[in-house]
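First up is the structure itself, then whatever we jot down about it.
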Amino acid sequence: MDLRPLRPFAWALVLLLFIPASLVVDLVYGPGVPVFAAAGLGIVPLAWFMGLATEEIGKHAGPGIGGLLNATFGNATELIIALFALAGGLQDVVKASLSGSIIGNLLLVLGLSMLAGGLRHKSQSFSREASGIHTTMLLVAVIGLVMPALYVFSARATGAVNTLVLDEMSLGIAAILFAAYVFGLLFSLRTHRDIFNPVSEKEEKPRWSLRAALLVLLVSTVLVAGESELPVGSLEATRASLGLTNLFLGVVVVAIVGNAAEHGSAVLMAVRNKMDLSIAVAMTSTTQIALFVAPVLVFASLFTAQVMTLDFELFELLSVALATAVLASVVSDGRSNWYEGVLLVMVYAVIGVAFYFHP
Amino acid sequence: MDLRPLRPFAWALVLLLFIPASLVVDLVYGPGVPVFAAAGLGIVPLAWFMGLATEEIGKHAGPGIGGLLNATFGNATELIIALFALAGGLQDVVKASLSGSIIGNLLLVLGLSMLAGGLRHKSQSFSREASGIHTTMLLVAVIGLVMPALYVFSARATGAVNTLVLDEMSLGIAAILFAAYVFGLLFSLRTHRDIFNPVSEKEEKPRWSLRAALLVLLVSTVLVAGESELPVGSLEATRASLGLTNLFLGVVVVAIVGNAAEHGSAVLMAVRNKMDLSIAVAMTSTTQIALFVAPVLVFASLFTAQVMTLDFELFELLSVALATAVLASVVSDGRSNWYEGVLLVMVYAVIGVAFYFHP
Amino acid sequence: MDLRPLRPFAWALVLLLFIPASLVVDLVYGPGVPVFAAAGLGIVPLAWFMGLATEEIGKHAGPGIGGLLNATFGNATELIIALFALAGGLQDVVKASLSGSIIGNLLLVLGLSMLAGGLRHKSQSFSREASGIHTTMLLVAVIGLVMPALYVFSARATGAVNTLVLDEMSLGIAAILFAAYVFGLLFSLRTHRDIFNPVSEKEEKPRWSLRAALLVLLVSTVLVAGESELPVGSLEATRASLGLTNLFLGVVVVAIVGNAAEHGSAVLMAVRNKMDLSIAVAMTSTTQIALFVAPVLVFASLFTAQVMTLDFELFELLSVALATAVLASVVSDGRSNWYEGVLLVMVYAVIGVAFYFHP
């Protein structure tokens, strides 16, 4: 592996020292604000490296595949953590982290990307076709989540909820969403690979080999996954004293810390005016969570005491649906600017305020 | 009538023999699986002939008018059947068949068309302007259905539903939707006929005369209407034993069998890369049901014991609304591909699963 | 001030005589149909002058700034009236007038503009980018209104609504919406002023000076504000005898009379084929009400006995949300025609019928 391209990033390499530091602080002082700060600083260079690696992969294989690999690596850790939580019976936390991740990617990652990119570039353009298909995929997922919630709502109005029916409905819908995801891979990697990986006019020469980029992405992802556990642990320790709900924590913290990979990569790409890659990272990650991670968790829950059903809280469901609607409105013209980024962040703030007060 | 153009379709003419066969089987053995199979096979060539006739009309008068005639013929039979059901007091079945027809046209007919067309052609384009206006018309209809449902919801929360108020509201809204339809005809046939009937670059020579095409369309439609009664009767006979709800039956069976005309024509046109005609068939049929058939049924119900109100079940209403939303997302760019077709079919599957388990 | 350009408008100057006439009638006969008629006739020339002034300002500074000034002047009077109503404890009336104003601008003002303009011009085009950003701003406002309503809905289902929580949530969301508005001004007046003020190909020479136009706009606005109080007062006097609800009155009367400024200007501009200015007037007014007037009223209510919370009635909230959806569908292609105008007006009619019967 050729490390020379990393030389200009001495500052990042220095910040990496916060990774061992955060571990030491955690062991010596236990969870708390110092761990949170150290781990947060340690994640910064990792997210940066993930962004660089994604950019290099994008140069080799196109923004669609770069975004897919970034999303897959980033979501793999989320999936593993969720599987452990599922085994521990924490279904509500898992669900909250799923919706939090979707909302965070759509509103915060994309919003900050458009804002950061828009502060440098007056107007940025990206493939309407690719973002349109991602939007439709998200809508399909939203419809898949509406139906079980509607069943619970109707059943409660007329009597008791039949949990067996809810389990079967969730499994059926999970199977359909999973199929939609598999067909989507076939579409974006095979039959219509060119939509998601347009040849840019000024073909850039990759600075890293594809193998090096993949290795950097993999190692950074694993380190981010481990490192992001520390602040989550620290927050959990102080949650009760701050009086925050599990839902707020799951939705907000996961959206910010849990999506560090997407944040780093998408914002970096937007600043460099590579909006196709930036949007591919954020939207591929979102559709992957909705159409792949969520169904896989439903299937995996068959091996636990209780099936993870797809009926989300009305608050979460509406937040995901409204985030999808505002995103569709923002990306529909294939152009972005700083104010559209601000509006996405504002919607995130509104949802954050609502979740904070949620009973 | 010149039958020579029908010669290459010997296979279809042979399949037509299943029509008398299905009648014989029905008379001898009574309703059951054999009738269902024979009638199903008999509908195939009829739908095919409807498609051919629609294509020829389209060559004579443009895709907008071809689609309108196909939709009108197809929906005429649905309207007649619904009027009889209304006279028999089966309002819930009529409503379920209306929403089933809308959902079926938007998701299944359009989805299978885009899928079938997309398997042959990498990307297919159609008029954004025409599909955009159809989408807005559907949205208007959805809003017309939301208001009575909302009234019932609010009234139930605070006390009893005033059926007189609900009747008057339904009649008022039906009148508005009907007016929107009439203005729409004026728009699409008079002032902006060119939007819906663009002159294609390579003008095709019609193979049939307009009169012959109309006759084939008429005869096929009548036969399909009669023939589709057989499987519906058969299903009804076995419904109880299979434990299916009326809602599921109405929504799913009507969506598939009752829209045979639209299925045949739209899919055939998509495969032949005439997406403007394919989309005109499916969307004109849907807007006609929402803005013409439904209001006419409300008015007709004034002559029965009870007004057919426009308050649909929440499940049906949300399904229609979400189908409209996902359709809007798919057609917004004026292009389609096989995966967008798959996504529409997947949404249909999700709704089907939900209706199957509906309490 | 040069009054010569007003000469061709002798008819309007004559109609202005109805303004003193309406005052006299009101003093002599008291509220009733004569006052209503006289005041209505007096508003017509005022709305006309506002339209002319807005057009002239648009020639000087572009449609975005013309629309903003028209909206600001028009909404200033609404804000003042609302502040008085708030001080009098009439929170429900204030809220109804806010949603009525939004619905009226989106559906009636824009609908009549597109209809009137479309009767003269087959197809009219406008900036997709500007209308797209306004649509997204409206969506953000809708999301801001959904969250408090959802809190009330959830809290009622599980127990009692915590009014303190609702107050804080409303204040938090109002602050976010206000911030979104301020950033929007920065965007539309500074960084991306060209999006909202495109240089038209055939640059028209202003006939009035900017100062004269501003003065005409100011004086007309003040007169309209005073004059529109008369019919509102008359209606209130006869409301009980007609059996209309406060909600219906607030929503419908405000939408028609209270938006006289927007009606006059937007319709006049559409007829003159200046759709950018027409849409700027209607949409700027709407976003200003949702993101500026509403938050300011929430803040102002801190000085009254009770905080004005942002939880609107489900009927109002859904009407605003659906109006936004249908508007998004209509403006998404950057073109309009008479039928799209009819459809917007039809949606307004559907909502009007629903509000009329609202329990």
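Against the list (1) part of a helix (DSSP H, G or I); (2) under 30 Å from C:V307 (Cβ atoms), the condition C:G89 fails is (1). Has segment C:332-354 got any residue that is away from every other protein chain (no Cβ under 11 Å), over 18 Å from C:E129 (Cα atoms) and among the aliphatic types (A, V, I, L, M)? The answer is no; no qualifying residue exists.
May I ask you to list the residues in segment C:302-321 that are assigned to a helix (DSSP H, G or I) and touching a Phe, Trp or Tyr at 6+ places or on another chain (Cβ under 8 Å)? Can you show your working first?
We begin by selecting, within segment C:302-321, every residue assigned to a helix (DSSP H, G or I); these are C:302-303, C:314-321.
C:L314, C:F315, C:S319, C:V320 - these are the residues of segment C:302-321 that are assigned to a helix (DSSP H, G or I) and touching a Phe, Trp or Tyr at 6+ places or on another chain (Cβ under 8 Å).
Report whether or not C:S278 is at the interface with another protein chain (Cβ under 9 Å from one of its Cβ atoms), in a helix (DSSP H, G or I) and crowded, with 24+ Cβ neighbours inside 10 Å. Walk me through how you get there before you give the answer.
On the way: at the interface with another protein chain (Cβ under 9 Å from one of its Cβ atoms): no; in a helix (DSSP H, G or I): yes; crowded, with 24+ Cβ neighbours inside 10 Å: yes.
So C:S278 fails the test.
Residues checked against (1) under 23 Å from the mean Cα position of the chain (by Cα); (2) crowded, with 17+ Cβ neighbours inside 10 Å; (3) of a type outside the set (S, T, N, Q); (4) closer than 21 Å to C:L186 by Cβ:
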| residue | (1), (2), (3), (4) |
| --- | --- |
| C:V25 | no, yes, yes, no |
| C:V28 | no, no, yes, no |
| C:A47 | yes, yes, yes, no |
| C:A71 | yes, yes, yes, yes |
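One residue stands out among those in segment C:297-332 that are buried (at least 19 other Cβ atoms within 10 Å of the Cβ) and acidic (D, E): the one that is farthest from C:L106 (Cα to Cα), which is C:D311.
Scanning segment B:1-60 for residues that are more than 27 Å from B:A280 (Cα to Cα), among the β-branched types (V, I, T) and at pLDDT below 85 returns B:V33, B:V35.
Can you tell me which residues in segment C:321-331 are over 13 Å from B:T135 (Cα atoms) and of a type outside the set (G, A, S)? Lay out the reasoning, then the answer.
Pass one, segment C:321-331, residues over 13 Å from B:T135 (Cα atoms): C:321-324.
Residues satisfying the conditions are C:L322, C:T324.
Take the conditions in a helix (DSSP H, G or I) and surrounded by fewer than 23 Cβ atoms within 10 Å (Cβ to Cβ) and apply them to B:L110. Does it pass? Please lay out each step first, then the result.
Numbers: in a helix (DSSP H, G or I): yes; surrounded by fewer than 23 Cβ atoms within 10 Å (Cβ to Cβ): no.
The answer is no for B:L110.
Can C:I57 be described as part of a helix (DSSP H, G or I), within 16 Å of C:S209 (Cβ to Cβ), out of contact with any helix residue (DSSP H, G or I) (no Cβ under 6 Å at 6 or more places or on another chain) and touching a residue at least 40 places away in the same chain (Cβ under 8 Å)?
Working: part of a helix (DSSP H, G or I): yes; within 16 Å of C:S209 (Cβ to Cβ): yes; out of contact with any helix residue (DSSP H, G or I) (no Cβ under 6 Å at 6 or more places or on another chain): no; touching a residue at least 40 places away in the same chain (Cβ under 8 Å): yes.
Answer is no for this residue.
Filtered by the rule that a residue be surrounded by fewer than 23 Cβ atoms within 10 Å (Cβ to Cβ) and more than 8 Å from chain C (Cβ to nearest Cβ), segment B:167-180 gives B:D167, B:L171, B:A175, B:F178.
Just one of the listed residues (C:L110, C:L115, C:L27) is more than 23 Å from C:Y348 (Cα to Cα) and not hydroxyl-bearing (S, T, Y), and it is C:L27.
Is it the case that A:G58 is over 17 Å from the mean Cα position of the chain (by Cα) and surrounded by fewer than 17 Cβ atoms within 10 Å (Cβ to Cβ)? Walk me through how you get there before you give the answer.
Working: over 17 Å from the mean Cα position of the chain (by Cα): yes; surrounded by fewer than 17 Cβ atoms within 10 Å (Cβ to Cβ): no.
Answer is no for this residue.
Among the residues of segment A:305-327 satisfying the criterion of being over 17 Å from the mean Cα position of the chain (by Cα) and small (G, A, S), which is nearest to the other protein chains (Cβ to nearest Cβ)? Applying the filter and picking the extreme gives A:A325. The residues on offer are C:I65, C:I80, C:I143, and the sole one that is of a type outside the set (G, A, S) and within 23 Å of C:I195 (Cα to Cα) is C:I65. With respect to the numbered conditions (1) touching a Leu at 6+ places or on another chain (Cβ under 8 Å); (2) within 7 Å of chain A (Cβ to nearest Cβ), which one is the sole condition not fulfilled by B:T287? All conditions pass for B:T287, except number (2). For segment A:61-96, the tally of residues that are at pLDDT below 85, farther than 30 Å from A:S209 by Cα and in contact with a helix residue (DSSP H, G or I) (Cβ under 7 Å, 6 or more places away or on another chain) stands at 4.
Would you pick out the residues in segment C:95-133 that are more than 11 Å from chain A (Cβ to nearest Cβ) and under 30 Å from A:F357 (Cβ atoms)? Result: C:K95, C:A96, C:S97, C:L98, C:S99, C:G100, C:S101, C:I102, C:I103, C:L106.
List the residue pairs whose Cβ atoms are under 8 Å apart, where the first residue sits in segment B:134-161 and is at the interface with another protein chain (Cβ under 7 Å from one of its Cβ atoms) and without any contact (Cβ under 8 Å) to a residue 12 or more places away in the chain, the second is buried (at least 19 other Cβ atoms within 10 Å of the Cβ) and not in a helix (DSSP H, G or I), and the two are 6 or more positions apart or on different chains. Between residues of segment B:134-161 that are at the interface with another protein chain (Cβ under 7 Å from one of its Cβ atoms) and without any contact (Cβ under 8 Å) to a residue 12 or more places away in the chain and residues that are buried (at least 19 other Cβ atoms within 10 Å of the Cβ) and not in a helix (DSSP H, G or I), the close pairs are B:S154/C:H358.
Within segment B:329-359, the residues that satisfy the criterion of being over 23 Å from A:V182 (Cα atoms) and either part of a strand (DSSP E or B) or touching a residue at least 40 places away in the same chain (Cβ under 8 Å) (or both) are B:S332, B:D333, B:G334, B:F355, B:Y356, B:H358.
The values are calculated or read from the model by the stated rules, or taken from the named source; none is laboratory data. The model shown is predicted, which means the values in this text are computed figures rather than measured ones. Counting neighbours? That spans all protein chains shown, and the Cβs are built from the backbone with ideal geometry, glycine included.
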